[in-house]
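Engineer: Let me begin by handing over the structure; questions about it come next.
No lab work stands behind these numbers, since they all come straight from the coordinates. In this text, all values refer to a predicted model and were calculated from it rather than measured experimentally. Don't worry about glycine lacking a Cβ; one is built from the backbone with ideal geometry, like all the others, and counts go over all protein chains shown.
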């Protein structure tokens, strides 16, 4: 299991799904956008442009939506958090063809007209596994495109820091497995079984895109506070963890660390009719 700030990669607790809405402004400020190459690829495979209808599941504050909307396509975003949706609407106010509704995708009533594409960025794992693929298929026209983006923190950037920081996690959260280390993107085994085994989709493909982002101490701590399991820590443990990470970055890394992200775009084509 790769080390991505230790806590981020525990099994997702469905009860934490709404926790991002506690500070939507921080999420918008701290979370990175997606690499331009990934956005370009997604636009190409979906045919995004004027006249193309896209459903985005869990757009958050619009980190992917803003770039996708620039193609001229119309987008309906279904976001569970009202605070996140409000920020997304502000970020997308320049695009007349974009609408963000507040709802859980699993309970949202699909419109009569199917979409040309359904996309979901770094949120698919939060959706009910029994619902997400069948409902995404129902939302699509035959031969429509499903695009799912996953995000991993992989080896690279300031590697020594990410090895040393595990001591901070092990100290402040006893549930942290000892000795976690980052995995290189070349060693990640993408599990596409859910897609290839689905009767609703065919033509499954995976393409990876890397980016490295350099953060000041404060910026890096802000990023950590957008991760669900960091936010869910008891306040004394969370404060202790953040203080120890701050001390490590400031004292040993000159107040700056670089983090390497590996984004995978999984695409699949809706079986018709």
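Engineer: Looking at the square roots a ≥ b ≥ c of the eigenvalues of the Cα gyration tensor of the chain, which shape do they give, rounded for a/c under 1.5, prolate if a/b is larger than b/c, or oblate? Present the calculation step by step, with values, prior to reporting the outcome.
Structural biologist: Details: a/c = 1.89, a/b = 1.69, b/c = 1.12.
Verdict is prolate for the chain.
Engineer: Any idea how far apart residue 103 and residue 251 come out in nm if each label point goes 7 Å out from Cα toward Cβ?
Structural biologist: Those two pseudo-labels are separated by 5.3 nm.
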